[in-house]
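Handing you a structure now.
The values are calculated or read from the model by the stated rules, or taken from the named source; none is laboratory data. These numbers were taken from a predicted model, which means no experiment stands behind them. Cβ coordinates were reconstructed from backbone atoms using ideal geometry, including for glycine residues, and neighbour counts include every protein chain displayed.
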Amino acid sequence: MTYQSPISPGISFYEATLGDRPTYDALTGPATADVVIIGGGFTGLQAAYHLAASGKDVVLIEAARLGDGASGRNGGQLGTGQRAWVEELEADFDRDNAAMQLAIAERAKAHLMDFARDHAIEADYRPGQISAAHKQAYVKHYRDHVKIMSDQYGYQGLTFLDREEIAEKLGSTRYFGGTHDAATGHINPMKYLVGLARAASRAGARLHESTRARAISSAGGRVTVKTDAGDIVAGRALIACNAFISGLEPVTSAHVMPIRSFIGATVPLGPDSPVIPGGESVDDSRFVVRYFRKSADGRLLFGGREAYTSDNPADISTHIRRQIAEIYPDLRDVEITHAWGGSVGITLTRRPFVRDVMTNVTSIGGFSGHGVMLSNYCGKLYADHVNGGSEDLEVMRNLRVGPFPGGDKLRKPLLFLALTWFSLRDRF
């Protein structure tokens, strides 16, 4: 199996409107370093910055361009907590562990915002997130969740929205209720990533685009990463490939699987549009989540996950427009100016995968659609780990994340069947 670089259909709205996007030269020969990092997304770049800032010699390689994976092409929503609600975490672990995971996520949120402020990264942050119930039967869960978060976990950012209130917040009568989170928000992820890469480069990290890792091995206390330009030899390695791991390292490949996610950007809707008048980001209760928000210039950015293979649909915009029309019938004929896709790394439990897969080789990924703040924070935590230890990373490392069943031959077909069943359940 050959390791594939990220190739996604369509130029994203983020990329098309970015302006200056620096390039970083490909590796031209063998190299040595204290730490080698494979993957130029949020996780890898945060690790590169913090390691270089602490005096470590760091080489980071990316098969395509920095941010061409999920980090630069995602929905931009920060969220609160882990991928699972605290009620689910408590059932799987216990109250103390659930509280610990919520606290880690809150530190991740603060880290993302603090880093942007400290490095003057303008990423179009806007506050507020709405989570919407697409079935009446789910409304009670949302109401209970607000009370649990407030009374048992001390989180005061959430308020419950009944059907009339959520209709007013969204400009749509499609949903039955939900929550409003005033203590989170959304960003332009590509702007954040470009600023992060600049910070890592200024700190002294050697960043190389168009440099594919062909193989990785560990022996005699040294790690070797093979590239077409020559070997990189380092004392430690971080694998931060997320969904684009296939063929490079088998343990991560068994635990982190890609699914395709697609987003469309409409023309600006104008200042009088009733769509999300408060400017919040939105996610809903479908297993195949619908997620949407308005950009800084008033476009509706609308995404959903509907493909469980590496194939790309011939026309992303038609599919996205159909989903938009289910929520906003008046936009059934809206012009979509940009439509793009990418691969999201998921795990069987939807918990991040953090594991030493070889001696001195750590792999981090599988954020399962909740990675904007968690992936940034995990990169920092890896640097903390190298520099002396990280209690938060140890908590993430101890989460139970098993492999997908089926082995090399059946793993992807079984995942396709399971996710297709869940997507059908969303409709009934």
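Being in contact with a helix residue (DSSP H, G or I) (Cβ under 9 Å, 6 or more places away or on another chain), among the polar types (S, T, N, Q), over 16 Å from MET373 (Cβ atoms) and modelled with pLDDT of 95 or more narrows it down to one residue among SER71, SER54; which is it?
SER54
May I ask you to list the residues in the stretch 122-133 that are more than 15 Å from GLN77 (Cα to Cα) and buried (at least 21 other Cβ atoms within 10 Å of the Cβ)?
Across the stretch 122-133, the qualifying residue is only ALA133.
Among the listed residues ASP96, ASP25, identify the single one that is outside any helix (DSSP H, G or I) and either surrounded by fewer than 16 Cβ atoms within 10 Å (Cβ to Cβ) or not basic (Lys, Arg) (or both).
It is ASP25.
Would you mind telling me which numbered condition in (1) of a type outside the set (Asp, Glu); (2) over 30 Å from GLY264 (Cβ atoms); (3) assigned to a helix (DSSP H, G or I) SER71 fails?
So the condition that SER71 fails would be (2).
So if I check each of ILE232, ILE245, ILE216, ILE239, which one is out of contact with any Cys (no Cβ under 8 Å at 6 or more places or on another chain), farther than 30 Å from LYS135 by Cβ, at pLDDT below 95 and among the aliphatic types (A, V, I, L, M)?
Only one candidate passes the filter, namely ILE245.
Checking the condition at pLDDT below 95 and outside any helix (DSSP H, G or I), which residue from ALA84, ALA63 passes?
Just a single option satisfies the conditions, and that option is ALA84.
Select, from ALA116, ALA52, ALA137, ALA110, the only residue that is crowded, with 21+ Cβ neighbours inside 10 Å and not aromatic (Phe, Trp, Tyr).
ALA52
I'd like to check which helices (runs of 4 or more DSSP H) are fully inside the stretch 306-402 and have at least 1 residues that are modelled with pLDDT of 90 or more and loosely packed, with under 15 Cβ neighbours inside 10 Å.
By residue number, 316-327, 391-397.
Same structure, new question: Residues of the stretch 66-91 being free of Cβ contacts under 8 Å to residues at least 12 places away in the same chain and not small (Gly, Ala, Ser), which ones?
GLU88, GLU90, listed by residue number.
Still on this structure, I have one more. Of everything in the stretch 167-200, what is among the aromatic types (Phe, Trp, Tyr) and either under 21 Å from the mean Cα position of the chain (by Cα) or closer than 13 Å to GLY40 by Cα (or both)? Give them in sequence order.
The answer is TYR192, and nothing else.
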